[in-house]
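Below: the structure, in structure tokens.
Read-outs: derived from the displayed coordinates by stated rules, not from any lab. What you are looking at is a predicted structure, and each value in this text was computed from that prediction instead of being measured. Every residue, glycine as well, gets a Cβ built from its backbone with ideal geometry; the counts of neighbours run over all protein chains shown.
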Amino acid sequence: MARIAPSILSADFAALAAAVDQVGAEADLLHVDVMDGHFVPNISIGPPVVKALRRHTDLYLDCHLMITNPERYLPAFRDAGADGCSVHVEVGRTEALIDQMRELGLDVGLVLNPETPFAAAEPWLDHIDLLLVMTVHPGFGGQSFIATVMEKVEKARAAIDERGLRVALQVDGGIDPTTAPVAAAAGADTFVAGNAVFAQPDPAAAAAAIRAAAESVRPA
């Protein structure tokens, strides 16, 4: 079963609660992109918005921390109501960050940028709940899907299955009804979509279309 994670980065921030309501019936997770203007060249939102979302929705809040010093903010995201946080392996200090998230009671996610090889995450697979493989360069919504990343998704799926792990394999960037089947065929099971959901006339129908497209193929 494909899981759909609409990204609020593409929603209307002036009407965020309404945007979440629009997709609630079709969303399995709500993806929250957090950017600090340092790790990536953009600034987005932080714990106060997560806290506001938590009061409004029971959806799983999946916080993608594109920040240089996540250890400073993980407690605040936990206190705000985040269910899980994902940190970039490129930041370093991976073992300490995983341990900190476990101690805080957060689900643990690890992220790979398009240029980062799967080998950078492979040693940590037994210690995480989610592996996010970026299919665009992080920092901005609306980018085009990088198909060459699918080889890395295939490697991740093979390793997860070989070890019998319950690790979600998430893709983020340029996901729509055309690219979701490509990622699903490579082994992805969780699909982050921003513009392909919130920029559409009917966001719920758009999310449902992405799910149907992803479920139309079997992983290799």
- line: Taking Cα atoms only, Rg over Rh for the stretch 29-156 with Rh from the Kirkwood formula is 0.94
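Restricting to Cα pairs below 8 Å that are 6+ residues apart, what does the relative contact order work out to for the chain? Please round to a whole percent.
Working: 454 pairs, mean separation 47.2, N = 220.
Over the chain, the number comes to 21 percent.
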- prompt: If you line up the Cα atoms of the chain on their principal axes, what length do they span on each, largest first, in Å?
  reply: 41, 40, 30
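Given the C-alpha atoms of the stretch 174-220, compute the convex hull and give its volume per residue in Å³.
Working: hull volume 2.6 nm³, N = 47.
It is 54 Å³ per residue.
Over 13 Å apart: what share of the alpha carbon pairs of the stretch 130-180 falls there, rounded to a whole percent? Don't skip to the answer; put the middle values down first.
Working: 735 of 1275 pairs.
Roughly 58 percent, once rounded to a whole number.
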- request: Work out which GluC sites (Glu not before Pro) in the chain are exposed loop sites (DSSP not H, G, I, E or B, at most 15 other Cβ within 10 Å) and give the longest gap free of them.
  value: 1-114
field: Principal axes of the stretch 66-140: Cα extent on each, largest first, Å
entry: 32, 30, 18
